[in-house]
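The values are calculated or read from the model by the stated rules, or taken from the named source; none is laboratory data. All values derive from a computational prediction rather than experimental measurement. All Cβ positions, even for glycine, are placed from backbone atoms using ideal geometry, and neighbour counts span all protein chains on display. Areas reflect the complete protein model, heavy atoms only, side chains present, ligands, DNA and RNA absent. Shrake-Rupley method; radii C 1.70, N 1.55, O 1.52, S 1.80 Å.
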Amino acid sequence: MQKKGLQLNSKIIAILPIAIAVNLACVLIWLLQITDQSMPLILGVIAASLVDLDHRLSGRLKNIFYTLIAFSISSLVTQYFLNQGIWFVLSMTAMTFVFTMIGAVGQRYSTIAFGTLVVSLYTTLAYIPDTPWYINPLMILAGTLLYSVITVTVHLCFPHRPLQEKVSRAFVALGAYLDAKAAFFDPDDIEQLANKQLTLTMKNSQLIQVFNECRTALFYRMRDNHRYSYTSKMCRYYMAAQEIHECANSSHFDYKTLAEQLKNADLIFRIQRLLELQAQACRDIAHALQKAQDYQPQARLERAIQGISQSFELYAQQHQDNSALHHIKTLLDNLHNIHCQLQSLSQPIQTPETRTIYTENITGLRQIVRHIGRHFTFQSQLFRHAMRLSLVVFFCCALVEYFHLQADRGYWILLTIIFVCQPNYSATKLRLKQRIIGTILGVIVGSLLPYMTSTLEAKLAVVVIASTLFYFFRSNNYSFSTFFITIQVLASFDIMGFDLYAALLPRLIDTLIGTALAWFAVSYLWSDWKYLQLDQVSQQVIKSQANYLLHIISHLQFGRGDDLKYRIVRREAHDNSTRLSTTISNMNNEPKKYARHLQQGFELLKLNTALLGYISALGAYREQMQKLTQDVLFLSEFYPIAKKIIQLLDNLPSLSAVQFEALFQQIDQGIKNSLAQTNDTPSRAVFNMPMQQLNLMAQLLPPLYHLVQTPTNQDRPNEITAV
């Protein structure tokens, strides 16, 4: 069953649960003639789809159990306080704040909490005064349970599909990263290196995000020592992708200098072509995973490896006095390591993957409460979002209650705000446009429904199609998603016997009011740009780079290292780099009058990317460090210099100019002396690479120090703090 199922398009498999569940719900509505209760039943199915998380079977069952409890409480509390004035306003405000703050615990809790908040709103939308109080909550739970049963059934038929899809996306993102790296080796486009560096940084951020999703999925599949053959295989693919990324992220020299040296040789073109072929190989692996086929490497990739080796040998013979030869050789070694990793994925598994997958896992009530408590500060984006959303919910509920808008479905305003209002300004602004466009188009098309659907069967068919397409587009095109959910809601009102045309204008007006309030909230209530403390982010990212270098140097000094700890600090370095990239991206999208330090941010981003590349080069070299530990003279030179660089990076913001200059001169002089001895002694040429990497790092220290020492604007302490 699994082999056949995996041949299906992954997107089709993803929408199977919602399509089947809504179909069954509509069949029940048609058979039992319960049109008055159709909306809460369908909304229960949709709410359950919003909290559907990938997990192994036991984890899915736990999620369903917690979801049913949370949905029951939310729906019953909302139903109980409906039409009770201030008590309803206070209960909705409290639930909004609590459920938003629960997101601090992790994705699983955040997703269920958001779905629980949505259920409370669905309860208000489906409320009919003459219906018994228990009908709404019961039908919502029935829809949730129906979807849950279907999704477990689909999981049993295709147990590995979500994990396989995440690993596949990781290789697609890795291919895009390798393509961006290949662009550096174009000798005819040297002047665009700065733009290419920013492009590479953005691709790296996207890749790290996909890696984190993949790691979390593997963690939940492999926790409690549950290791199945396919899961072990996916873990092997994930580890290979990480190794490929570290090799590709390595930087051994200034690319502009290299391009100028090699612009008349075929070697640089071969490097570029090989990276492009390896990027295509990553996409081939992703395609093979999606089709449940074995990866078959292309023969031309092997020929490209052989050709580049021959080309380097010829170049080395013709340029024996070129001091960059050793660094070019190291670069080719990295490309060969990438090739070996790709080739290994075409071979059968010899031994199961035994390395541990780590992710932060908060369990236990005390630990959860303590973790949430740390976010009770306006420096926390989550807390600001919770406060902002709660105040807007309070205002909207008070507005609806005061003007008695319940009969006109005034809570559509609130539903719009919950879905549109995001933690930051730029994301909210994008959602606003998409929500308005989707709603307007949905209202226009929805107005034609009576002419196309004269029977109950036709109306139910529209609900099925619209609900399925809403789910299909919800994560990749919010405008289309809004369009289809608008049609679904209007069709549901028509089924329940409401005047469809009477609902069109309120739906549009409420959406416009909701989007306007959401825009006001993110613009004026604890606006994010007042808390974008670039100095804190930059200090954190530099410290994580220092920690990354420290673990590599420890491996060198002692000849061994903890692979799990190493992977954790490497991930933290990349995660913090991604956070820096996100901060600068947010600054770029905020109102221009607040983006006063944007240029400094871009400079810091480029320097950090270069530093991370130089450190990664040492990380990729760590397997060859065993022989270096036997040379006492080398370690006596290398380790003290590396330790001073780590010390300087750790204390960069607090050092005075005199202290920095003194420490930097010690580092610079030590590197020069060591490199001079290495060049004079051919037998010690093997030590040139790690020392040269320290030299490249050292060259970045003065501009980094200059950026972090730039004075802040004391007149506006609440706005963006300069680097």
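Side notes on the structure shown:
- The stretch 368-382, residues that are aliphatic (A, V, I, L, M) and surrounded by 15 or more Cβ atoms within 10 Å (Cβ to Cβ): I368, I372, L382
- Scope the stretch 28-38; condition open to solvent by 10 Å² or more (accessible area, probe 1.4 Å) and touching a residue at least 12 places away in the same chain (Cβ under 8 Å); matching residues: L28, W30, T35, D36, Q37
- Positions within the stretch 106-134 being among the hydrophobic types (A, V, I, L, M, F, W, C), open to solvent by 30 Å² or more (accessible area, probe 1.4 Å) and either part of a helix (DSSP H, G or I) or under 19 Å from F419 (Cα atoms) (or both), in sequence order: F114
- Per the listing S426, S467, S475, S479, the residue uniquely buried (at least 16 other Cβ atoms within 10 Å of the Cβ), among the small types (G, A, S), modelled with pLDDT under 90 and under 30 Å from the mean Cα position of the chain (by Cα) is S426.
- In the set (1) modelled with pLDDT of 90 or more; (2) assigned to a loop (DSSP other than H, G, I, E, B), the condition left unmet by P348 is number (1).
One line per residue, one yes/no per condition, for (1) more than 22 Å from A19 (Cβ to Cβ); (2) open to solvent by less than 20 Å² (accessible area, probe 1.4 Å):
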| position | (1), (2) |
| --- | --- |
| L432 | yes, yes |
| I440 | yes, no |
| T455 | no, no |
| Y471 | no, no |
| F483 | no, no |
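- Complete set of residues in the stretch 282-319 that are hydroxyl-bearing (S, T, Y) and not in a helix (DSSP H, G or I): Y295
- When we screen V445, V420, V400, V489 for residues that are open to solvent by less than 10 Å² (accessible area, probe 1.4 Å) and at pLDDT 85 or above, the only hit is V420.
- Lone unmet requirement of (1) buried (at least 21 other Cβ atoms within 10 Å of the Cβ); (2) part of a helix (DSSP H, G or I) for D52: (2)
- Matching entry among L696, L707 (being over 23 Å from I552 (Cβ atoms), at pLDDT 75 or above and open to solvent by less than 20 Å² (accessible area, probe 1.4 Å)): L707
- Residue within the stretch 2-13 that is on the phi < 0 side of the Ramachandran plot, modelled with pLDDT of 90 or more, open to solvent by less than 40 Å² (accessible area, probe 1.4 Å) and of a type in the set (A, V, I, L, M) present: no
- The residues of the stretch 587-641 that are in contact with a Lys or Arg (Cβ under 9 Å, 6 or more places away or on another chain), open to solvent by less than 10 Å² (accessible area, probe 1.4 Å) and at pLDDT below 70 amount to a single one, F634.
- Residues that are over 23 Å from L125 (Cβ atoms) and open to solvent by less than 50 Å² (accessible area, probe 1.4 Å) were ranked within the stretch 503-528; the one that is modelled with the lowest pLDDT is D528.
- Applying the condition of being open to solvent by less than 70 Å² (accessible area, probe 1.4 Å) and over 28 Å from the mean Cα position of the chain (by Cα) to the stretch 287-301 and asking which residue is nearest to V167 (Cα to Cα) yields P297.
- Residue that is surrounded by the most Cβ atoms within 10 Å (Cβ to Cβ), among those in the stretch 277-286 that are in contact (Cβ under 8 Å) with a residue 24 or more places away in the chain and more than 13 Å from A182 (Cβ to Cβ): I285
- In the stretch 183-224, the residues that are more than 30 Å from E260 (Cβ to Cβ), open to solvent by 30 Å² or more (accessible area, probe 1.4 Å) and either touching a Gly at 6+ places or on another chain (Cβ under 8 Å) or basic (K, R) (or both): Y220, R223
- Across the stretch 143-172, the qualifying residues are those that are closer than 27 Å to G44 by Cα and aromatic (F, W, Y), and the one among them that is most open to solvent (accessible area, probe 1.4 Å) is F158.
- Only residues that are touching a Ser or Thr at 6+ places or on another chain (Cβ under 9 Å) and part of a helix (DSSP H, G or I) were counted across the stretch 145-161, and they come to 4.
- Flag not set for R567, criterion: in a helix (DSSP H, G or I), within 24 Å of the chain's Cα centre (by Cα) and modelled with pLDDT of 85 or more.
- Scanning the stretch 111-125 for residues that are within 14 Å of N83 (Cα to Cα) and hydrophobic (A, V, I, L, M, F, W, C) yields L121, L125.
- Of the residues A722, A685, the single one that is open to solvent by less than 30 Å² (accessible area, probe 1.4 Å), modelled with pLDDT under 55 and not hydroxyl-bearing (S, T, Y) is A722.
- Under the condition of being touching a Cys at 6+ places or on another chain (Cβ under 9 Å) and crowded, with 17+ Cβ neighbours inside 10 Å, the residues counted in the stretch 61-90 number 2.
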